[in-house]
1. Just for the range 122-140: of the residues that are in a loop (DSSP other than H, G, I, E, B), open to solvent by 10 Å² or more (accessible area, probe 1.4 Å) and in contact (Cβ under 8 Å) with a residue 40 or more places away in the chain, which one is farthest from I93 (Cα to Cα)?
2. Could you list, in sequence order, all residues of the range 28-50 that are under 13 Å from the mean Cα position of the chain (by Cα) and within 28 Å of I93 (Cβ to Cβ)?
3. Could you grab me the full set of residues in the range 137-166 that are under 17 Å from M78 (Cβ atoms) and over 14 Å from the mean Cα position of the chain (by Cα)?
4. Select from the range 70-93 the residues that are touching a strand residue (DSSP E or B) at 6+ places or on another chain (Cβ under 7 Å) and of a type in the set (D, E) and list them in ascending order.
5. Output the number of residues of the range 152-170 satisfying the condition of being open to solvent by 10 Å² or more (accessible area, probe 1.4 Å) and either modelled with pLDDT of 70 or more or under 17 Å from F61 (Cβ atoms) (or both).
6. Quick check on the range 98-113. Is at least one of its residues of a type in the set (A, V, I, L, M, F, W, C) and farther than 25 Å from F61 by Cβ?
7. So, in the range 83-116, exactly how many residues are aliphatic (A, V, I, L, M) and open to solvent by 10 Å² or more (accessible area, probe 1.4 Å)?
Amino acid sequence: MGLVLEKLPGLAEGVPGGGVFLTTADALIDWTRKCSVWPLTFGLACCAIEMMASYASRFDFDRFGVIPRPSPRHADVMIIAGTVVKKMAEPIIQIYHQMPEPRFVISMGSCANCGGPYWDSYSVVKGVDKIIPVDVYIAGCPPRPESLMYAVTKLQEKILKMKLSATHGAAPQQDKGSREIAAA
């Protein structure tokens, strides 16, 4: 009982003489979403190796509740790791729309953010935010596993700010660009 109340500071109230706590539906749902982020790993280039390293024993991403899912129907976060070429843009959009709401996107690495060293190529998308909305960007070429962990903690902070009444539990709908989740 004490463990749950410590993890929800200011949100939960203990009932004297009982093992029950009271909280708002927003706080409980956001807390459960924050503690179980299931990413759809979409590795396209060398950043995918760093993403795989973050799931290995040295960094142990599972302790954050981040468990990779092979199916978009079970995932709530898509991690785009690597160079997005125009041929892959349509499958990325299709897989993004197969994910249930609320869905989030992490753009990992310079190539996914802005095209990276291949920005002047005719076949490279100049940032994944041109095709789907992105919630968190990770800089670097390739970014370290620690930066992916930091991005997930930033995404978890963003998830905690979501309100059911404002967005009906889902992230604001938009086609592309950088997305800012409203706190109210």
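1. Step one: list which residues in the range 122-140 are in a loop (DSSP other than H, G, I, E, B), which gives 122-123, 125-127, 131-132, 135, 139-140.
Retained after the next criterion (residues that are open to solvent by 10 Å² or more (accessible area, probe 1.4 Å)): 122-123, 125-126, 131, 135, 139-140.
Still in the running and in contact (Cβ under 8 Å) with a residue 40 or more places away in the chain: 125, 131, 135.
Working: V125: 13, I131: 7, D135: 15 Å.
Ranking the candidates gives D135 first.
2. Here is the first cut: in the range 28-50, the residues under 13 Å from the mean Cα position of the chain (by Cα) are 33-42.
Those that are under 13 Å from the mean Cα position of the chain (by Cα) and within 28 Å of I93 (Cβ to Cβ): R33, K34, S36, V37, W38, P39, L40, T41, F42.
3. P143
4. Matches in the range 70-93: D76 only.
5. We begin by selecting, within the range 152-170, every residue open to solvent by 10 Å² or more (accessible area, probe 1.4 Å); these are 153-154, 156-158, 160-161, 163-168, 170.
Then keep just the ones that are either modelled with pLDDT of 70 or more or under 17 Å from F61 (Cβ atoms) (or both); that gives 153-154, 156-158, 160-161, 163.
The total comes to 8.
6. Here is the first cut: in the range 98-113, the ones of a type in the set (A, V, I, L, M, F, W, C) are 99, 104-106, 108, 111-112.
Adding the requirement that they be farther than 25 Å from F61 by Cβ leaves none.
Checking the range 98-113: not a single residue is of a type in the set (A, V, I, L, M, F, W, C) and farther than 25 Å from F61 by Cβ.
7. Filtering the range 83-116 down to residues aliphatic (A, V, I, L, M) leaves 84-85, 88-89, 92-93, 95, 99, 105-106, 108, 112.
Filter again for open to solvent by 10 Å² or more (accessible area, probe 1.4 Å), leaving 85, 88-89, 93, 95.
Here the count works out to 5.
Rundown of residues vs (1) β-branched (V, I, T); (2) part of a helix (DSSP H, G or I); (3) modelled with pLDDT of 90 or more, yes/no style:
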{"site": "K87", "(1), (2), (3)": "no, yes, yes"}
{"site": "E90", "(1), (2), (3)": "no, yes, yes"}
{"site": "P102", "(1), (2), (3)": "no, no, no"}
{"site": "V105", "(1), (2), (3)": "yes, no, yes"}
{"site": "P117", "(1), (2), (3)": "no, yes, no"}
{"site": "S147", "(1), (2), (3)": "no, yes, yes"}
{"site": "Y150", "(1), (2), (3)": "no, yes, yes"}
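The values are calculated or read from the model by the stated rules, or taken from the named source; none is laboratory data. Just so we're clear, the structure is a prediction, and the values are computed from it rather than from any experiment. A quick note on method: Cβ atoms are made from the backbone with ideal geometry, for glycine too, and the neighbour counts reach across all protein chains shown. Note: areas computed on protein heavy atoms with side chains; ligands, DNA, RNA excluded. Shrake-Rupley method; radii C 1.70, N 1.55, O 1.52, S 1.80 Å.
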